[in-house]
Every structure is written in C-alpha cells, then in structure tokens.
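Worksheet: the structure to be examined is printed underneath.
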Amino acid sequence: MVIRNGILRSVSQSSSTWKKELAARSKPSPSFSKDGTKYSSKLANALARLDELVDWERSHRSVGDNRLMRVSSSPCRDLLEKLGSPQKKLRTVHVTGSKGKGSVVALIALALKEEGFRTGCFCSPHVSRVNERVLIDLEECDDDLLAKSLENVLDVRAKLELHSSTWFDSLAAAGLALLAEEKVDWAIVEVGLGGRLDSTNVLDSELCVITNIMLEHQAIIGPGRREIAYEKAGIIRNRGCSVITGVQPSDSEVVEQIMKCAADAQALEPVFVPSLKPSESFTEVNARIAATTLEEMGRRGVVSKRTGVALSGALINDDLRNRASKVLKGRMELFEYKGVPVVIDGAHVPESVKAAVSEAHLRNYAIGPQVLLIAVGSDKDEKAIASKAIEAQVPFHRIVTTRIGKSSRYTSSAQMKVAFDSLSCDTKVEAVENPTDAIERSVLVAEETNGYVLVVGSLHLAGVIREKLIRR
C-alpha cells in the first residue's frame, strides 16, 4: 500500500463574493428541452434513433431481488469491435467512485490541456445537453460530429442485430469512437455506474482512479460497501496500470477489495490519498486525488508538451481549480435568480448531500441562511438523505421538498417531507410538488432573510431547475 498526500500549491478556498464568482462564470451554453430543441438537425435525428433504445438512466433500474436492469460491458465492446476497436487507440485515465468523479475528470483534463495535450472526456450523465458527455479540450463536441459517430454506431447495431446494446452502450461506443477519431492525446473517462460491468469498462487504461466508496445504487451494485468496492475496483484490469484512490487506508473492507482487484490484474501497488483533516471538503480531496494522478503520470514517464518536464501534482493550483469548477454543469453551479443566489448540485447519495450542504454554507453565498430545495429518485433512501442533510448542522431557514417529475421513478414531495418530519427537524419543511413552483417558493423564502437557495438530490432535478433559471 502506498500513501501519498498529493502536491498542491494551494488548497485554500477563494474569498471572493458570490457576485464576483457569478460574474467570472462563462455564459451558459444553450440548453435542450423537448419543446425547444437547440441541437442541429443531424444530431436531433440521431438522438431520435438513440431514444428508441432502452435507457436505464431514465427507467426503473431494479425491483428488489428481481432487478430489471441488464448490467454488462459486453454489448458496448461488441459495438466497438465491429467499428474496429477504436478505443484501443486511446491512452486513458478511467475514473470511478461514488462522489467527485466528474470534478476529478475536469481537473485532470484541464491540467493536461494546459501542458499542451489534446484532451478528450467522456462523462455522464448530462444535465442539459447530451454533448456534455463528450468533450474535446473541455468544450462540448460539435453536434454534427457527435451525430456522425452516433449514426455509425446505430447503423452497425441495426445491421448486425446487436439488439442487446442499450442507450448508454451505444452512446458510450459513439463517444469513445469520436475521441479516437479526433486523435486526442489523452481520454479521461468517467464510469457511468459501478465499474466492473459498466459500458465504459472496455478500456486498457494506464491509470485507474477510485475517488471514494459510499452506499449507492445498492440494488444494482450492492448491497454493502464491500460489494460496491468490488464493482468499482473492477475497472482495474490492465497489467501494470496505476491505481489512485481517495479511500482511506483504515477502511479495511473497501481497501481489501481494491488491493485484491489490483493484485488479480497485476497492476501497480495502489496509491492511497489520505484525508489531511476531519473537516476536509470533497473539493479539497478531489484536488489532491487529481494531483496524485498527475504525479503518477509523471512517474510513468509522461512529460509536458509545453515544458518537457515530467507531470506533477503542482499543476493543480487555485486558478486551475477555479476554472475546472466551471466545466461541469450541476456541480456547485451558481446562478442568480431575482437577486437571490441559487446553487445547483447534483449530489444524490446521503454523504454527498451532506457534503454539498456543508460546502455551500462554508462558501458564504449570502448574509442569510440556506434554503434547501431537494428532490430524489424513488430508488434512493430519502430518510437517509434527509438525515445526512440535517447532520451537516447548517442553519436552514426553510426546507422545500419537491418532485422531479410525475413518473413513479421519482419520490413525491409529500414523501420527502415525511422523511424530514420523521427526524424531528426543527426547520419548517414545505412540500411543493412542481419543481418550477418549488424554486419560485424557495427564492421567495430566501429573499426574506437575505439568504440563498441550494438545490440538491438529483442531476435530473438540477437539469429542470437549471433550465428554468436559464430560460427566465
């Protein structure tokens, strides 16, 4: 076991006000909605074909022991093989974990871009536009490029009757093929769900990153953290690859699984990035995981195209962290609505919701207290999420529960309210079923005390609220 702290020039939080932070952000890209398409005609047509396939991201994934969801990397691999296995041309960093995957991907990709590398990213899920999943030098890929790659994959699927491949299998194959076609120097690939059987696990990655292990998607990759660790560590499959993780060395049931998977694959000894202090935020830990990954790349002989010097963790400085935070939508993303700061984060498991609540409080977005707007999927443990939100010990002015959509896939606002009420929560809890009404109510309540709104619980909720704020 190797333990490294990562090398950072600074990990201090910016002291700028929320208005300065908001002004520094780039103008949001056009969003997509079914009643107001912003895609090119070619991509709209390709997505119409894609949407005919089974999409487990927007379907019931399990029903207890009789789970419905098919989990396997084979269909994606089959598609890619018929395309000539373009993923084999890629040098890749594969990133999994329960929280922070997207942030670590953005940090690594931006650092590599700064050093002269052409970078590609495959991320999931998207918040507004499907292009968010395939990035070239951290810019959303061109509509028609993505359309061409998707059409190629869907044509192969139809011609060879590869009917077991799903929406995500096909999109992952198209995304990886596009990155290879664009001849990126490095592809930073985020796992969709789990790892071992995920559609992205078709790579012979030189570096594998496991950010952390929490209880999530227990009916699919659980039920316990030990089983979840086994699934996530399943991305370690390439002999001699480097393994970097933010899992704590003392977390024996999880560490055991990571060490076993690394040994079975004949990978290098895993490098552990321990927490430096009990109150360390996910943002700080993510930065050190990214820094350690760059250090390992340097040890593997990867040198900067800009300087000719081996890569190091010192590339992750405050400025780069600030810019990387603006790459991903729905991750502590700041808006202003009717003069009130609104922070949107896709946190959807108990520990990540607690972390988002705490981090928003520490950033001092407003003089007044936080108004929490929350909704979750029906596959989530709403009481555990409510409990962790309260455990953050942040002075809420109000908690507003809502529902992401009418489908049974989403927990009702009333049921979410019951979860908070059952905890004898001192804060007043309101249930507002419609999410657009809920954000209006939350902003109105926050205005009363010069406070701010934090939106958490689901990236689907993030997409709905984000759409509302952009289109106002």
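The values are calculated or read from the model by the stated rules, or taken from the named source; none is laboratory data. Here the structure is a predicted model, which is why all the values come from computation and not from measurement. As a convention, Cβ positions derive from the backbone with ideal geometry for all residues, glycine included, and neighbour counts pool all protein chains shown. What goes into the accessible areas is simple: the full protein's heavy atoms, side chains included, and nothing from ligands, DNA or RNA. Shrake-Rupley method; radii C 1.70, N 1.55, O 1.52, S 1.80 Å.
Is there a pair in LYS99/LYS406; LYS89/LYS388; LYS42/LYS159; LYS388/LYS468 whose C-alpha atoms are over 32 Å apart, and which pairs would that be?
Pairs exceeding the cut-off: LYS89/LYS388.
So if I restrict to the alpha-carbon atoms in segment 317-392, what is the Rg, and what is Dmax, the biggest pairwise distance, in Å?
For segment 317-392, the Cα-based Rg and Dmax read 13.4, 39 Å.
Send over the per residue convex hull volume for segment 403-472, Cα only, as a whole number of Å³.
Roughly 95 Å³ of hull volume per residue.
Taking only DSSP H segments of four or more residues, each worth -39500 (n - 2.57), what value at 222 nm results for the chain once the sum is divided by all its residues, to the nearest 500 deg cm²/dmol?
About -11500 deg cm²/dmol.
Within segment 98-158, what whole-number % of the accessible surface is contributed by carbon and sulfur, with the 1.4 Å probe and all protein chains included in the calculation?
So the carbon and sulfur contribution to the accessible surface is 44 percent.
Which value, in Å², gives the accessible area per residue of segment 64-136 when a 1.4 Å probe is used on the protein heavy atoms?
33
Run the numbers for ASP264 and LYS277: contour at 0.36 nm per residue of separation, minus the present Cα-Cα distance, in nm.
Full extension of this stretch gives 1.4 nm more.
Give me the Kirkwood hydrodynamic radius of the chain in Å, from all C-alpha pairs, to one decimal place?
Computed over Cα pairs of the chain, the Kirkwood hydrodynamic radius comes out at 22.6 Å.
With the cut-off at 28 Å, tell me which of the pairs LYS148/LYS380; LYS88/LYS305; LYS183/LYS329; LYS38/LYS417; LYS82/LYS113; LYS260/LYS326 have Cα atoms farther apart than that.
From the list (LYS148/LYS380; LYS88/LYS305; LYS183/LYS329; LYS38/LYS417; LYS82/LYS113; LYS260/LYS326), the Cα-Cα distance tops 28 Å for LYS148/LYS380; LYS38/LYS417; LYS82/LYS113; LYS260/LYS326.
What does the extension gain come out to for GLU52 and ALA414, with contour length at 0.36 nm per residue minus their alpha carbon separation?
Using 0.36 nm per residue and subtracting the Cα-Cα distance, I get 127.0 nm.
Work out, in µm²/s and without decimals, the Stokes-Einstein translational diffusion coefficient of segment 147-268 at 20 °C, 1.002 mPa s, Rh from Kirkwood over C-alpha pairs.
The diffusion coefficient I find is 137 µm²/s.
Relative to 2.2 N^0.38 Å, what does the C-alpha radius of gyration of segment 323-472 come to as a ratio? Two decimals please.
Relative to the rule-of-thumb radius for its length, segment 323-472 sits at 0.92.
Work out, in µm²/s and without decimals, the Stokes-Einstein translational diffusion coefficient of segment 234-349 at 25 °C, 0.890 mPa s, Rh from Kirkwood over C-alpha pairs.
It comes out at roughly 148 µm²/s.
Counting heavy atoms of the protein chains only and a 1.4 Å probe, report the per residue accessible area for segment 214-286 as a whole number of Å².
42
Can you list the aspartates and glutamates whose alpha carbon sits under 13 Å from that of LYS101, skipping same-chain ones fewer than 8 residues off?
Qualifying aspartates and glutamates at Cα under 13 Å: GLU190.
Calculate I(q)/I(0) for segment 48-197 by the Debye formula, one identical point scatterer on each C-alpha and no solvent, and give its log10 at q = 0.10, 0.16 Å⁻¹ to two decimals.
With one equal scatterer per Cα and no solvent, log10 I(q)/I(0) is -0.33, -0.87.
Using amide H atoms built in the peptide plane, which far-off residues or other-chain residues are under 5 Å from GLY377 H to H?
THR411
Could you check the simple spin-label distance between ASN364 and ARG91, using points 7 Å along Cα→Cβ, in nm with one decimal?
Between ASN364 and ARG91, the label points sit 4.3 nm apart.
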